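A.B. asks: One structure, pasted below without further comment.
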Amino acid sequence: MKMMRNSQFSNLAMISGIAFIAISPLYFYGALSVQITEGLGYRPSLHGLGATSFYLVAAIFAISLGRTTDRLDPVVTLKIAIIMTILSSLGITFSNSLIMICISLAIGGFGNAIATPGIAQLVQERIELRRQGLAYGFKQSATGLSTLIGGAAIPFVAFDNQWRHVFALGALFSLGILFRLNGMSSNKIMDIKFGSSKDAGAPRVKVKVPYSLEVKLISMSFAIGAAVGAGLITYLPLSNAEAGLSPAQSSFTLILASSSSLITRFVVLLYMDRTKIDSIRICIGMMFIGSLGLFGLSTMGTGIITFSSIISYAFGWGWIGLITYKMLRVSDGNLGSNVGLVQAAAAIGSISGPILLGAAYEISGFQLMWQLSACGLILSLLFLVVSQFKSK
């Protein structure tokens, strides 16, 4: 029993580490946007192209890679994801142009596309049912940690090209996780959900299950919500700088916002292990509160920016783990496929978000951009409301 408990906690720690590194190139890129744009000398409105390249590749490969994870040992897929992340981080470290950064982030997008369904499979197969919300809480908190670390690094990389050190350290940490993952493979995978064990090396049977209308509606919601979230990650530091915050104040605000998101993601998913409430209903409430935070950002007032940033990050982008958790509950033999679909939808939204919101900024500044973001989040939650009726 003690050995099993230790194995569970080891798996939880590994899930956190992989989730952190799989998204870290993109989140570091967003958190250090001011330093990178100044260092490489391109317009802030072009900064969204990096995030777009990341999500474009993720959108192209998410569905096919999701189906692949239904047939492979998740440890194998996650090793591929980590290698792609290492290449992405090293590419950004040595980039001297926006084009090189876009290519590097595209590689990271491929890694993220296979990491997300791979982690979902790992949770389903190696985490006890009563701890799966906790597992997703660790996963989502780890992704928020990327922004927190990037924000904390701002005062130390505010000059020259020292922002490159953050990505170099990210690559080094990813390498350590890869070596640790090698020792995670075992002869047996405990399938606690179905009460059986299966050989980790045995080929998996390909089961083609059509997507339900509920999953399709949730995916449409995720696409819109992800567009808003990607814009928030990409442009919040630039918006705060334009509003008059110093680098130290911007760093402090980003640390608070990221911390609030980290805590919120963990708490709501931990709560899912202790309640019978549908995760989508909680998601709807969080989106509504998040939209209020985005409206607050549109005022560009220095007195409300910190509070609005916290609300926007905690509730306007802290709900994403609930979507993947929902897939865990509605999937039967096609978890990777369902996760791949919602991830593809999220990637499509994340591609369009920075571009459209960047265009809104060029037209009328950050006020219009944040107002459109708030309206987008309200539209996203309306799709979730409809999905609740279609699931009955």
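Just so it is clear, none of the values below were taken in a lab; they were calculated from the coordinates. Since the model is a prediction, treat every value here as computed from it, not as a measurement. Please note: Cβ atoms are built from the backbone with ideal geometry, for glycine as well, and neighbour counts cover all protein chains shown.
A.B. asks: Packing-wise, with mean Cβ within 10 Å as the measure, how do 218-225, 349-356, 41-48 rank, highest first?
C.D. replies: Working: 218-225: 26.0, 349-356: 24.2, 41-48: 17.0.
Going from most to least packed, we get 218-225, 349-356, 41-48.
A.B. asks: Calculated FRET efficiency, Thr275 and Ile83, Cβ-Cβ r, R0 35 Å, to nearest 0.05?
C.D. replies: For R0 = 35 Å, the calculated efficiency reads 0.40.
A.B. asks: Obtain the nm distance between the two label points defined at Tyr211 and Gln249 by a simple spin-label model: each point lies 7 Å from its Cα along the Cα-to-C-beta direction.
C.D. replies: 4.4 nm
A.B. asks: Quickly rank 79-90, 372-383 as a protection proxy: mean count of other C-beta atoms within 10 Å, highest first. Display every interim value, and only then the final one.
C.D. replies: Values: 79-90: 23.4, 372-383: 20.9.
Per-residue Cβ counts within 10 Å, averaged per peptide and sorted highest first, yield 79-90, 372-383.
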